[in-house]
1. Among the residues of segment 276-297, how many are among the small types (Gly, Ala, Ser), under 20 Å from Asp394 (Cβ atoms) and either at pLDDT 95 or above or over 27 Å from the mean Cα position of the chain (by Cα) (or both)?
2. In segment 303-334, which residue that is touching an Asp or Glu at 6+ places or on another chain (Cβ under 8 Å) and assigned to a loop (DSSP other than H, G, I, E, B) is most open to solvent (accessible area, probe 1.4 Å)?
3. Just the residues that are among the hydroxyl-bearing types (Ser, Thr, Tyr) and closer than 22 Å to Leu187 by Cα, please, taken from segment 432-471.
4. Residues that are of a type in the set (D, E, K, R) and surrounded by fewer than 19 Cβ atoms within 10 Å (Cβ to Cβ): list the helices (runs of 4 or more DSSP H) wholly contained in segment 191-284 that include at least 1 such residues.
5. If I ask for residues that are in contact with a strand residue (DSSP E or B) (Cβ under 9 Å, 6 or more places away or on another chain) and either at pLDDT 95 or above or open to solvent by less than 30 Å² (accessible area, probe 1.4 Å) (or both), which ones from segment 42-65 would you list?
6. Let me confirm something: among Asp438, Asp466, which residue is modelled with pLDDT under 95 and either in contact with a strand residue (DSSP E or B) (Cβ under 6 Å, 6 or more places away or on another chain) or of a type in the set (A, V, I, L, M, F, W, C) (or both)?
7. Inspect all residues belonging to segment 337-352 and state whether any of them is in a strand (DSSP E or B), at pLDDT 95 or above and surrounded by 14 or more Cβ atoms within 10 Å (Cβ to Cβ).
8. Determine whether segment 67-76 contains at least one residue that is surrounded by 13 or more Cβ atoms within 10 Å (Cβ to Cβ), touching a residue at least 40 places away in the same chain (Cβ under 8 Å), at positive phi and in contact with a helix residue (DSSP H, G or I) (Cβ under 7 Å, 6 or more places away or on another chain).
Amino acid sequence: EVCNKVGGIYTVVSTKARKMEEHYGDHYICVGPDLNQSGDHSDFIPELEGAMALWAKVLYEQEGIAVRVGRWDIPGKPLVILVDFSTFMDKCNDIYGQMWQWFGVDSLYAYGDYHESSMFAYACGAVIHNFYNYFKLQDKAVVAQFHEWTTSFGLLYCKHFMPEVATLFTTHATSIGRSIAGNGKPLYDYLLDYNGDQMARELNMVAKHSTEKVAAHQADCFTTVSDITNRECTQLLEKPADIVTPNGFEDDFVPKGAQKTSKRRKARQKLISVAERLFGEKIEPETVLIATSGRYEFKNKGLDLFVESLAALNNRETEKPLIAFILVPAWNSGAREDLLPGLTPNISNRFTTHNLMEPDKDPILATLNRVGLYNSAEQNVKVIFVPTYLSGNDGIFNLSYYDLLVGFDLTLFPSYYEPWGYTPMESAAFSIPTITTDLAGFGLWVSDTAQPLTEGVAVLHRSDYDSALLVAEMADNLQYYLKADKTERQQMAKKAGAIARKAHWKAFIAYYQKAFEIALLKHKSPK
């Protein structure tokens with residue numbers, strides 16, 4: 001996810017860069033995929049001259065691997081190598097054979113994104129190998145860190161061809177743990193009874209699980225992002241982390257002072273104007289705006305219980321009207337043109353801002369219908385589904401996620417499977433009170449026990465079989481917030497921001513530095 005924003009790992013790597021650059025300067029280099037050779041990356045600054053550019057030419061001449069070198073246009077502006085791995089795709093079967101012979105990685109039944117991920121990772125290994133030799137780094141302390149199963153082949157390449165490089169493998173979620181949870185199986189109550197290899201066969205996850213497990217065991221230092229995910233690693237990968245490296249962030253992207261006031265006003269105006277066109281009615285100024293967001297994992301992200309809690313609230317007396325926005329990308333064919341100014345909205349669709357490709361099969365819409373949330377004029381709780389990436393050019397809001405986030409009053413993330421949880425952390429960073437669960441790494445970090453909303457971040461207990469209780473507790477919290485006065489809300493917002501500041505990279509970077517030390521020490525003293 002270097003120069004390629006996909007999800008939470010982009011946030012991890014990009015926000016960490018400035019602190020890494022402070023510590024290591026240009027000895028810190030990020031490697032990512034070159035997915036746009038014919039055009040420009042919006043956050044990539046190419047460097048056409050200098051030692052790195054000269055090396056890139058030599059690499060292509062020697063090995064036929066095309067890379068682009070430059071800077072990642074983020075705070076810290078770290079050096080970046082973008083790798084064109086397309087030439088490796090025709091060699092994948094041979095490479096799979098090698099990985100089976102060398103490490104026992106079982107790619108026989110691989111499918112989907114496994115192929116591109118593995119060939120990208122293998123190409124990265126080859127690039128690191130050439131770089132290491134070209135710049136004569138044999139007498140240097142070199143660590144290569146690989147994030148997630150998607151980069152496992154790069155780590156294994158290094159272990160085979162250049163064992164003199166210390167390796168670090170970080171899993172942000174186990175592939176089999178996510179699959180168990182996503183398939184509706186009880187992950188937590190039965191965790192100690194699961195065998196990762198057996199579950200991988202049952203859930204058709206053998207290839208991903210195999211490469212992830214091997215990388216965890218082969219790495220000089222194995223890390224994960226939270227204690228809750230470390231439990232998964234210990235049981236399902238049969239390898240506990242050598243150290244937990246929690247996800248931090250920098251607040252460079254968080255507006256402050258007058259800028260924040262201006263951005264909040266703009267975002268709120270945009271949210272309300274879209275709601276008015278969608279519902280065909282005037283929105284009261286005191287209406288509370290809440291949101292949830294993330295990947296479209298209906299159960300894992302708690303989207304099911306989010307909707308259920310709104311229905312529970314709708315059946316109660318509420319102090320103020322509430323509009324809930326579900327900011328979750330889904331398969332859509334673009335913005336609804338009828339919502340644009342000057343046109344007449346189609347009142348048969350009061351739910352979505354973009355045209356879903358298969359609305360009759362959508363779990364969110366089906367649940368809204370089942371629980372009786374119709375966005376009718378007499379209902380005090382309404383829901384808007386925004387099924388698109390908020391990159392700033394979605395056609396309706398035309399604001400980035402962060403520029404829209406600042407306009408909300410409260411966020412909810414009742415996650416069932418959430419190894420860390422950047423979304424509630426980001427909300428807290430914007431001083432937006434948020435509700436999460438103790439099944440999210442961030443929630444567990446905030447408090448080992450239930451934490452009330454009055455502290456800025458509410459951490460609710462969640463297990464495999466307490467959905468009804470959690471729905472009621474979320475409705476209670478929403479009702480409490482609706483009754484709170486301006487001063488109480490300001491206190492919640494202030495406390496949320498204070499919690500987020502404790503998770504800055506200036507505090508968490510030490511965990512990574514310790515991980516590098518562990519990798520280098522183990523590499524020098526192999527078993």
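1. Residues of segment 276-297 that are among the small types (Gly, Ala, Ser), as a first pass: 280, 291, 293-294.
Subsequent filtering for residues that are under 20 Å from Asp394 (Cβ atoms) retains 291, 293-294.
Right, trim to either at pLDDT 95 or above or over 27 Å from the mean Cα position of the chain (by Cα) (or both) and you get 291, 293.
Total meeting the criteria: 2.
2. Initial filter on segment 303-334 (touching an Asp or Glu at 6+ places or on another chain (Cβ under 8 Å)): 303, 320-321, 330-331.
Those still in the list that are assigned to a loop (DSSP other than H, G, I, E, B) too: 320-321, 330-331.
Numbers: Lys320: 52, Pro321: 30, Ala330: 25, Trp331: 161 Å².
Ranking the candidates gives Trp331 first.
3. From segment 432-471, those among the hydroxyl-bearing types (Ser, Thr, Tyr) are 434, 436-437, 447, 449, 454, 463, 465, 467; that's our starting set.
Passing the criteria: Thr436, Thr437, Ser447, Thr449, Ser463, Tyr465, Ser467.
4. Values: elements: 196-202, 206-218, 227-232, 257-279.
Of the helices (runs of 4 or more DSSP H) lying wholly inside segment 191-284, those with at least 1 residues that are of a type in the set (D, E, K, R) and surrounded by fewer than 19 Cβ atoms within 10 Å (Cβ to Cβ) span 196-202, 227-232, 257-279.
5. Filtering segment 42-65 down to residues in contact with a strand residue (DSSP E or B) (Cβ under 9 Å, 6 or more places away or on another chain) leaves 43-48, 50, 52-53, 55-56, 59-60, 65.
Matches in segment 42-65: Asp43, Phe44, Met52, Ala53, Trp55, Ala56, Leu59, Tyr60, Ile65.
6. One residue alone meets the criteria, Asp438.
7. We begin by selecting, within segment 337-352, every residue in a strand (DSSP E or B); these are 352.
When the remaining residues are screened for being at pLDDT 95 or above, the result is 352.
This time we only want the ones that are surrounded by 14 or more Cβ atoms within 10 Å (Cβ to Cβ), so: 352.
For segment 337-352, residues in a strand (DSSP E or B), at pLDDT 95 or above and surrounded by 14 or more Cβ atoms within 10 Å (Cβ to Cβ): present.
8. Pass one, segment 67-76, residues surrounded by 13 or more Cβ atoms within 10 Å (Cβ to Cβ): 67-76.
Add one more test, that the residue is touching a residue at least 40 places away in the same chain (Cβ under 8 Å), and what stays is 67, 72, 74-76.
Now drop any that are not at positive phi, which leaves 76.
Of the ones still in play, those that are also in contact with a helix residue (DSSP H, G or I) (Cβ under 7 Å, 6 or more places away or on another chain) are 76.
The answer is yes; a qualifying residue exists.
The values are calculated or read from the model by the stated rules, or taken from the named source; none is laboratory data. All values derive from a computational prediction rather than experimental measurement. Note: ideal-geometry Cβ built from the backbone for every residue, glycine included; neighbour counts use all protein chains shown. We work out accessible area using only protein heavy atoms, side chains counted, and drop any ligands, DNA or RNA first. Shrake-Rupley method; radii C 1.70, N 1.55, O 1.52, S 1.80 Å.
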